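The values are calculated or read from the model by the stated rules, or taken from the named source; none is laboratory data. Just so we're clear, the structure is a prediction, and the values are computed from it rather than from any experiment. So basically every Cβ, Gly included, is an ideal-geometry build from the backbone, and we count neighbours across all protein chains shown. To get the accessible areas, we keep the full protein, side chains included, count just its heavy atoms, and leave off ligands, DNA and RNA. Shrake-Rupley method; radii C 1.70, N 1.55, O 1.52, S 1.80 Å.
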Amino acid sequence: MTLRPRRKTRQVTIGYVEVGGDAPISIQSMTNTRTDEVEATVSQIDCLTAAGCEIVRVAVPDSESVSALPEILIRSSIPIVGDIHFDHRLGLGAIEAGVHALRINPGNIGGKERVAELVAAAREKHIPIRVGVNAGSLEKDILERDGHPTAEGLAESAGRQVKLMESLGFSDLVLSLKASDVMMTIEANRLIASRCDYPLHVGVTEAGTLVSGAVRSAVGLGVLLAEGIGDTVRVSLAGPPEDEIPVARAILSSLGLRHGGVTVIACPTCGRTEIDVADVAARVEEATADILAPIMVAVMGCAVNGPGEAREADVGVAGGGREAILFRGGNIVERIDEDDMVERLISEIRIIAEASGSSE
């Protein structure tokens, strides 16, 4: 399968991260701490940053959250997007506090006057606004007309907001159209992509827990990205937000859209398996999560077929009873005690990373 060329879009800048145009597809997430609990929020942002998150959104549901933003912004090393619902005055406060972008929902932010105030403040601070349309909070007239959320309804909602902001002379926009229904999300993004050239933030909202959410996100994002649609992504999972980042990285890497980080492949195991493949693979992934160099690592269950089946890997191990083997490019380079296998493999990965100049 050949990927379609990336959709040509305008480019906006969120903090120091460029979104759209020819910029790499960036990875986002959102904190789930109370924003007014500064230490917890900063700690979570640090975890997300270490995992590879490049833009983070924080909820701004009240004045206490607005008051906490300046310290959070000072202590965050990645750009912060303020997430606003219902009360546009919180958006004005977030802009004044210095957020790098604002997210508003057309379904609940209010009419033209409120939007005009936000646009004026954003323009003054030179920050973009993300128009985040969600199937769960579409405008009442669209829902009454259609009876339920539809892809066309999502696209219409986004289009209305774009038209309003353009009438106010503002076009520093990112759009996102999300639903928990994967196919609705895909079709809505196809529609809006055909109608404008604004960069798109793509993702399946409320995707689910780690396994189901990763699968649903991989399907939705995979289809859109393969069609050249999407400039920044979020994998929305129920659980620790730092779990979202490796899933997003894996989706982009699988499509060849981002290169970097350790990719662990592992055999599905069979009756010949002589090591705990799942445990070894998980330990290697965890221990090498900080490495940015593009390294393919294989964990194979047996020495009979393992090295040959994983010959494209940069480095790997295969079980062999009490003695495991370390291999590169399908060729055995060393026999090691099974008890030392994980540590030896991690050491070899770091040697490769340091040689590439991208260890972290």
Discussion item. Per residue, how big is the convex hull of the chain when only Cα atoms are used? Give it in Å³.
Written reply: 140
Worksheet entry | R0 of 51 Å, Cβ-Cβ distance His148-Ile265: FRET efficiency to nearest 0.05 | 0.80
Item to complete: Evaluate the distance, in nm, between pseudo-label points positioned 7 Å from the Cα of Glu286 and of Asp22 along their respective Cα→Cβ axes.
Response: 4.2
Worksheet item: Which number comes out as Rg/Rh for the range 141-268 once both Rg and the Kirkwood Rh are worked out on C-alpha atoms?
Response: 1.02
Worksheet, complete the sentence: Over the range 202-279, the quotient of the Cα radius of gyration and 2.2 N^0.38 Å is 1.24
Practice prompt. Calculate, axis by axis, the spread of Cα positions in the range 79-137 along the three principal axes, and write the results as whole Å, longest axis first.
Written response: 29, 25, 15
Worksheet item: At a Förster radius of 45 Å, what calculated FRET efficiency corresponds to the Cβ-Cβ distance of Arg195 and Arg322, to the nearest 0.05?
Response: 0.10
Worksheet item: For the range 101-178 and the range 5-38, what is the separation of their Cα centres, given in Å?
Response: 17
Worksheet item: When the Cα atoms of the range 1-143 are enclosed in a convex hull and the volume is divided per residue, what value in Å³ results?
Response: 141
Worksheet, complete the sentence: Taking only the alpha carbons of the range 201-360, the radius of gyration and the largest Cα-Cα distance, Dmax, both in angstrom, are 16.8, 49
Worksheet, complete the sentence: Long-range share for the range 137-185, i.e. C-alpha pairs more than 17 Å apart as a percent of all pairs, stands at 39
Discussion item. Starting from 0.36 nm per residue, how many nanometres of slack lie between Asp141 and Asp337 once their C-alpha separation is accounted for?
Written reply: 63.8 nm
Fill in: Portion, in percent, of the accessible area of the chain that falls on carbon or sulfur, probe 1.4 Å
52
Item to complete: Can you tell me the FRET efficiency between Met183 and Leu210 if r is taken as the Cβ-Cβ distance and R0 is 22 Å, rounded to the nearest 0.05?
Response: 0.50
Worksheet item: Heavy-atom accessible area per residue, the chain, 1.4 Å probe: how many Å²?
Response: 44
